[in-house]
1. Please go through the stretch 74-109 and pick out each residue that is touching a Pro at 6+ places or on another chain (Cβ under 8 Å) and among the polar types (S, T, N, Q).
2. Which residues, taken from the stretch 58-72, are polar (S, T, N, Q) and free of Cβ contacts under 8 Å to residues at least 12 places away in the same chain?
3. Taking interchain pairs and intrachain pairs at least six residues apart, which have beta carbon atoms under 8 angstrom, with the first residue in the stretch 33-57 and among the hydroxyl-bearing types (S, T, Y) and the second part of a loop (DSSP other than H, G, I, E, B) and crowded, with 20+ Cβ neighbours inside 10 Å?
4. Within the stretch 194-214, can one find any residue that is within 22 Å of R149 (Cβ to Cβ), in contact with a Pro (Cβ under 9 Å, 6 or more places away or on another chain) and modelled with pLDDT of 95 or more?
5. Among the residues of the stretch 188-213, write down those that are within 16 Å of ligand 1 (Cβ to nearest atom) and touching a strand residue (DSSP E or B) at 6+ places or on another chain (Cβ under 6 Å).
6. Which residues, counting only those in the stretch 96-117, are over 22 Å from the mean Cα position of the chain (by Cα) and either polar (S, T, N, Q) or more than 10 Å from A152 (Cβ to Cβ) (or both)?
7. List the strands (runs of 3 or more DSSP E) inside the stretch 8-74, counting only whole elements, that have at least 1 residues being modelled with pLDDT of 95 or more and within 15 Å of ligand 1 (Cβ to nearest atom).
Amino acid sequence: MTLTINSISAGYDSSIILHDISVELKQGLVTALIGPNGSGKSTLLKVIAGIVKPYAGIIRLGDINVDELKGTQRAQLIAYLPQASNSLPSTTVFESILLGRKPYISFEPDSEDLAVVEDTIKIFNIEQYAFKKINELSGGEIQKVLIARAIAQRTKVLLLDEPINHLDVKNQLEIMNIVKHYTASSGLITMVVLHDINRALQFADEFILLKDGYIIERGSSEVITPHVLHEIYGIEADCITYKKKRKIIII
Ligand SMILES: Nc1ncnc2c1ncn2[C@@H]1O[C@H](COP(=O)(O)OP(=O)(O)OP(=O)(O)O)[C@@H](O)[C@H]1O
Ligand SMILES: [Mg+2]
């Protein structure tokens, strides 16, 4: 199955933010969406999630037109974690992750739903606060719970907008490892907005570089070059290879 984004133009009111975006995303791969503030990264995720309607173009998941999906159907296929959530539930962590199962629950959660929540809590290593209230957790702990909920939704597509922003380095690595392994083992189509280019190089398989709503480059880590970083951010950078992985040194 492929997520095909075909000639998407989108924006707010009458201003166009995304211009003629076309890209194909394959199962099992993590794609990093990179670009300056205001370049349209969150807007692109919102278009895929069905929150912003495009002015033109079409998005297909396999042969499904994503635009035609209704609420529950969409939630079974696409999980979306917004950039910053300011409305936090006063529920417990367990209940909050269980909310990720809502698209599958018609009356009350069954044993499978509860098993998925328990597994997810274990994978994310958050047993110690599973029964605490969300609004009594630290910013990083909340972020882990929200990512866990998106994964418990068991969708085909996972969209994460700056998921590791509030996390310490250890948690950043832990979360990105979970996202990468879960994407590969479950054949997910994952798109993650990241500002840290080295973190993106460490975990992503594919890269999309946005500037002013246009795709400047896309492809494997080779597209991340000093030249393209200068073009996008106006910065000086060097590229090195360390243990067979590309790294960026910002000068
Ligand atoms: N709800 C909105 N109404 C009107 N304009 C908006 C809205 N949301 C975003 N924009 C505008 O669209 C452009 C792209 O915003 P977007 O949030 O997609 O950028 P971004 O790449 O995610 O930036 P950041 O890295 O700061 O999160 C910006 O110029 C922004 O001002
Ligand atoms: Mg954003």
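The values are calculated or read from the model by the stated rules, or taken from the named source; none is laboratory data. In this text, all values refer to a predicted model and were calculated from it rather than measured experimentally. Every residue, glycine as well, gets a Cβ built from its backbone with ideal geometry; the counts of neighbours run over all protein chains shown.
1. Keep residues of the stretch 74-109 that are touching a Pro at 6+ places or on another chain (Cβ under 8 Å), which gives 75-76, 81, 95-96, 98-99, 101.
Within the stretch 74-109, Q76, S96 meet the criteria.
2. Our first condition is that a residue be polar (S, T, N, Q); within the stretch 58-72, this holds for 65, 72.
N65, the sole residue that qualifies.
3. Within 8 Å, the pairs are S39/G213; T43/G213.
4. yes
5. Of the stretch 188-213, the ones within 16 Å of ligand 1 (Cβ to nearest atom) are 191-197, 199-200, 207-213.
M191, V192, V193, L194, I197, A200, F207, I208, L209, G213, listed by residue number.
6. Applying the first criterion (over 22 Å from the mean Cα position of the chain (by Cα)) to the stretch 96-117 yields 105-115.
Residues satisfying the conditions are I105, S106, F107, E108, P109, D110, S111, E112, L114, A115.
7. The qualifying strands (runs of 3 or more DSSP E) are 15-26, 29-34.
Yes/no matrix, rows are residues, columns are (1) within 16 Å of ligand 2 (Cβ to nearest atom); (2) over 15 Å from the mean Cα position of the chain (by Cα); (3) surrounded by fewer than 23 Cβ atoms within 10 Å (Cβ to Cβ):
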position	(1), (2), (3)
P163	yes, no, no
V169	no, yes, yes
I178	no, no, yes
Y182	no, no, yes
I189	no, no, no
Q202	no, yes, yes
E206	no, no, yes
G213	yes, yes, yes
S221	no, yes, yes
